[in-house]
Amino acid sequence: MNIFKQLYVSIYSPKMISKFRFQGIGKTILFVFILSLLSTLPTALYFSSSLSEGLKSFDETLRNDLPSFTIENGLLSTDSEKPVEIKKDGFFIILDGSGAYGVEEMESKENAIGILSDKFVFAANGQAQTYEYSLLNMTISKEDIMEITSQFNQLLPIVLTIMILVMYLFGAFVKFIEITILALFGLAFKNSLQRKVNFKQLWVIAAYSTTLATIFFIIMDSLQVVVPSGFLLNWFVHLIVLYLVLKEIPPNKKKIETT
């Protein structure tokens, strides 16, 4: 059975997953990498789109709408006494030398770019990245940032490729850890159910047991739906599926005869 058919049947059939325990570990590892790729795609695509649109809006707003400003000695100095907030193409562009805005305020905007009193903040989907001006050790003006933004836009495809690759590798690493922990839970399950399964086989069926919850969260991420208590729901489904898979494995006959 090819990997994509395995992925499909793993969504609904614990009995089929139980039969995968005899396959080689190499095929299972390939399956985990494919599953990790699928789970990374919605976030990566949304992040790429948000970053591209945000930088485009920021560049246009910076050139046409924001007053002059200077970043010197780790602090922002601007001609405007009050914060300037502009919404463009679903993105908020904020210039604030007063200290009224912080990271929390930027995250509440969901998608925003902020030139704040002591830091630069980029928020995408409610998650903010901050860059302190104190790390610059130089004076930067509005014109300097316009030039930097223009150069960065030219390098954006390369930057996005690297960032998506890092996201994918990190996601795959987390998935491997998740499967290993699930396989450890499987040790307790197989003892209570009196199933003769070694750890390698447990790891294989644990990998396929994560399919249902992973596909569910891929769909939710694609729809930009936040699932309440997602972490707990994810593990609850993993454990239930793994338990059902182990129940499909024939019991240890020797133990049954002695009982």
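Structural remarks
- Residue match in the stretch 124-133 (condition: among the hydroxyl-bearing types (Ser, Thr, Tyr) and outside any helix (DSSP H, G or I)): yes
- Any chance Ser50 is in a helix (DSSP H, G or I), not β-branched (Val, Ile, Thr) and not assigned by TED's automatic domain parsing to the domain that holds Val245: yes
- Verdict on Phe47 being under 26 Å from Val225 (Cβ atoms) and touching a strand residue (DSSP E or B) at 6+ places or on another chain (Cβ under 7 Å): yes
- When Leu187, Leu155 are checked against the criterion of being in contact (Cβ under 8 Å) with a residue 12 or more places away in the chain, over 24 Å from Val226 (Cβ atoms) and in a helix (DSSP H, G or I), a single residue qualifies: Leu187.
- Odd one out for Met138, checked against (1) surrounded by 13 or more Cβ atoms within 10 Å (Cβ to Cβ); (2) free of Cβ contacts under 8 Å to residues at least 60 places away in the same chain; (3) not in a helix (DSSP H, G or I): (1)
- Some residue of the stretch 85-94 being surrounded by 14 or more Cβ atoms within 10 Å (Cβ to Cβ), at pLDDT 85 or above and within 23 Å of Asp221 (Cβ to Cβ): yes
- For Thr28, the conditions (1) in a loop (DSSP other than H, G, I, E, B); (2) crowded, with 16+ Cβ neighbours inside 10 Å; (3) of a type in the set (Ser, Thr, Tyr) all hold with the exception of (1).
- Extreme residue, modelled with the highest pLDDT, among residues of the stretch 208-250 that are outside any helix (DSSP H, G or I) and within 23 Å of Ile25 (Cα to Cα): Thr210
- Scanning the stretch 106-123 for residues that are among the polar types (S, T, N, Q) and either outside any loop (DSSP other than H, G, I, E, B) or not assigned by TED's automatic domain parsing to the domain that holds Pro67 (or both) returns a single hit, Ser108.
- A Cβ distance below 8 Å, combined with a sequence gap of six or more or placement on separate chains, defines the contacts here; from the stretch 225-239, residues that are free of Cβ contacts under 8 Å to residues at least 40 places away in the same chain reach residues that are surrounded by 12 or more Cβ atoms within 10 Å (Cβ to Cβ) and in a loop (DSSP other than H, G, I, E, B) in the pairs Leu233/Val227.
- Residue match in the stretch 62-72 (condition: crowded, with 18+ Cβ neighbours inside 10 Å, at pLDDT below 85, more than 22 Å from the chain's Cα centre (by Cα) and not assigned by TED's automatic domain parsing to the domain that holds Trp203): yes
- Scanning the stretch 206-234 for residues that are hydrophobic (A, V, I, L, M, F, W, C), buried (at least 16 other Cβ atoms within 10 Å of the Cβ) and under 20 Å from the mean Cα position of the chain (by Cα) turns up Ala207, Leu212, Ala213, Ile215, Phe216, Phe217, Ile218.
- Restricting the stretch 95-118 to residues that are in contact with a helix residue (DSSP H, G or I) (Cβ under 7 Å, 6 or more places away or on another chain) and under 17 Å from Ile145 (Cβ atoms), the residue that is surrounded by the fewest Cβ atoms within 10 Å (Cβ to Cβ) is Asp118.
- Of note, Leu35 satisfies the criterion of being in contact with a helix residue (DSSP H, G or I) (Cβ under 8 Å, 6 or more places away or on another chain) and of a type outside the set (S, T, N, Q).
The values are calculated or read from the model by the stated rules, or taken from the named source; none is laboratory data. None of the values given here were measured: they were computed from a predicted structure. Reconstructed Cβ throughout: ideal geometry from the backbone, glycine too, with neighbour counts over all protein chains shown.
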